[in-house]
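Since the structure comes first, as structure tokens, the remarks are kept for the end.
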Amino acid sequence: MNGTVRAAQAADVPAMADLAERRRVEYQRFQPTFWRKAADSRARQLPYFERLVGSEDHIALVYERAGAIAGFILGALIPAPPVYDPGGPTCLVDDFTVAAAESWELVGSAPLRAARQEARRRGAVQLVVVCAHLDRPKRAMLRSSGFSIASEWYVGDV
């Protein structure tokens, strides 16, 4: 069953926070220090997402299927760092997840395409998407959508 991509609304924020919380638990297994989940992460996420959903400098989309939020994407429209010149603003996508890892190709690619179109409409020249190194289904979907790795972060204790 296919779903639809639409603009996120304030009423979607709790479901978005639930999806983000589940992803945080998974990512914590990938790198337990960097991705360590705060005890009150969901409570902190709610007002943050509420602010982004209503913000003019963000793109907030959900993938809805059978009346439920099956995925979402949040992109911040930002200028490129002054030492780089990609040709215009960047859309930085940090919060982007789906309810089931096996659905990245369908549920993830649809809001990604829509966010790309909206970012272009707003003048951005590139989409930068955060993805954990061990999130293989998301990485595969990004590759199949024409994205390439630009950077990797390495983390170590001090």
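Any read-out appearing in this document is the output of simple, stated calculations on the displayed coordinates, not a laboratory observation. These numbers were taken from a predicted model, which means no experiment stands behind them. Virtual Cβ from ideal backbone geometry, glycine too; neighbours counted across all protein chains shown.
Among residues other than A76 whose Cβ falls under 12 Å from its Cβ, what is the net charge (Lys/Arg +1, Asp/Glu -1)? Before the final figure, lay out each step's value.
Working: positive: R51, R122; negative: E56, D57, D94, D95.
After counting each charged neighbour, the total is -2.
Pairs of alpha-carbon atoms within less than 8 angstrom and 6+ residues apart define the contacts here; what relative contact order does the stretch 4-144 have, in percent?
Working: 217 pairs, mean separation 32.5, N = 141.
Reported relative contact order: 23 percent.
I want the local charge near E102. Using Cβ-Cβ distances under 15 Å, sum +1 for each Lys or Arg and -1 for each Asp or Glu among the other residues. Intermediate results must be reported in sequence, preceding the final value.
On the way: positive: R22, R23, R65, R136, K138, R139; negative: E26, E105, D135.
Every neighbour counted, the sum reads +3.
At a 10 Å Cβ-Cβ cut-off, how would you order S151, S41, S103, S144, fewest neighbours first?
With the fewest neighbours first, S151, S41, S103, S144 line up as S151, S144, S41, S103.
Tell me whether the chain comes out rounded, prolate or oblate; compute the Cα gyration tensor, take square roots of the eigenvalues as a ≥ b ≥ c, and use a/c under 1.5 as the rounded threshold.
On the way: a/c = 1.28, a/b = 1.03, b/c = 1.25.
Here the chain falls in the rounded category.
Of I59, A150, P79, whose Cα points farthest to the positive end of the dipole of the chain (charges on the beta-carbon: +1 Lys, Arg; -1 Asp, Glu; origin at the Cα centre)?
It is A150, whose Cα lies furthest towards the positive end.
Rounded to the nearest 20 debye, what is the charge dipole size of the chain about its Cα centre when +1 sits on each Lys and Arg Cβ and -1 on each Asp and Glu Cβ?
Numbers: 20 positive and 18 negative charges, 53 e Å.
For the chain, the charge dipole is close to 260 debye.
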